[in-house]
Amino acid sequence: MKWSEANKELLDKMIKAKPEMFRKTALEEIRKRAEEISSIAGQDEVTPDALAEANYLSTPAEFRAFVEIDLKKMGFDPAAYKKEKR
């Protein structure tokens, strides 16, 4: 799966918003899930939307409100990810 520099930077920004003790695990989980979402969508490159969805779905439900705030700041609509598809 291909990753553009912009999407690598977006992933890094998402990871930096996580508590430090969870960053390594979050990085692995979000990366894996974003590639899976992109693959299911027939993409050969991870998309920003797949990253946003992966970030949301990889976050435990009790902490998703924080991710919603972060996603809004990054220009995403978290409502699009509230219904788990994967």
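Quick rundown of the values:
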{"read-out": "Subset of the range 4-22 (residues that are in a helix (DSSP H, G or I), loosely packed, with under 14 Cβ neighbours inside 10 Å and free of Cβ contacts under 8 Å to residues at least 24 places away in the same chain)", "value": "Glu5, Lys8, Glu9, Asp12, Lys16, Glu20, Met21"}
{"read-out": "Any hit, the range 43-50, residues being assigned to a helix (DSSP H, G or I) and either at pLDDT below 95 or more than 13 Å from Trp3 (Cβ to Cβ) (or both)", "value": "yes"}
{"read-out": "From Glu53, Glu28, Glu35, residue being modelled with pLDDT of 95 or more, part of a helix (DSSP H, G or I), under 18 Å from Leu71 (Cα atoms) and not hydrophobic (A, V, I, L, M, F, W, C)", "value": "Glu53"}
{"read-out": "Count of the range 56-86 residues which are over 15 Å from Ile30 (Cα atoms), outside any helix (DSSP H, G or I) and either within 10 Å of the chain's Cα centre (by Cα) or not basic (Lys, Arg) (or both)", "value": "4"}
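Yes/no per residue for (1) farther than 20 Å from Ala80 by Cα; (2) in contact with a strand residue (DSSP E or B) (Cβ under 8 Å, 6 or more places away or on another chain); (3) not aliphatic (A, V, I, L, M):
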{"residue": "Met14", "(1), (2), (3)": "no, no, no"}
{"residue": "Glu20", "(1), (2), (3)": "yes, no, yes"}
{"residue": "Arg23", "(1), (2), (3)": "yes, no, yes"}
{"residue": "Ala34", "(1), (2), (3)": "no, no, no"}
{"residue": "Ala41", "(1), (2), (3)": "no, no, no"}
{"residue": "Asp44", "(1), (2), (3)": "yes, yes, yes"}
{"residue": "Leu57", "(1), (2), (3)": "no, no, no"}
{"residue": "Phe63", "(1), (2), (3)": "no, no, yes"}
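Residues are listed down the side, and each one gets a yes or a no for (1) surrounded by fewer than 16 Cβ atoms within 10 Å (Cβ to Cβ); (2) among the small types (Gly, Ala, Ser); (3) under 18 Å from Asp12 (Cβ atoms); (4) touching a helix residue (DSSP H, G or I) at 6+ places or on another chain (Cβ under 8 Å):
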{"position": "Glu28", "(1), (2), (3), (4)": "yes, no, yes, no"}
{"position": "Pro48", "(1), (2), (3), (4)": "no, no, yes, yes"}
{"position": "Ala52", "(1), (2), (3), (4)": "no, yes, yes, yes"}
{"position": "Tyr56", "(1), (2), (3), (4)": "no, no, yes, yes"}
{"position": "Phe63", "(1), (2), (3), (4)": "yes, no, no, no"}
{"position": "Val67", "(1), (2), (3), (4)": "no, no, yes, yes"}
{"position": "Leu71", "(1), (2), (3), (4)": "no, no, yes, yes"}
{"position": "Phe76", "(1), (2), (3), (4)": "no, no, yes, yes"}
{"position": "Ala80", "(1), (2), (3), (4)": "yes, yes, no, yes"}
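The values are calculated or read from the model by the stated rules, or taken from the named source; none is laboratory data. In this text the structure is predicted, and so the values were computed from the model without any measurement. Don't worry about glycine lacking a Cβ; one is built from the backbone with ideal geometry, like all the others, and counts go over all protein chains shown.
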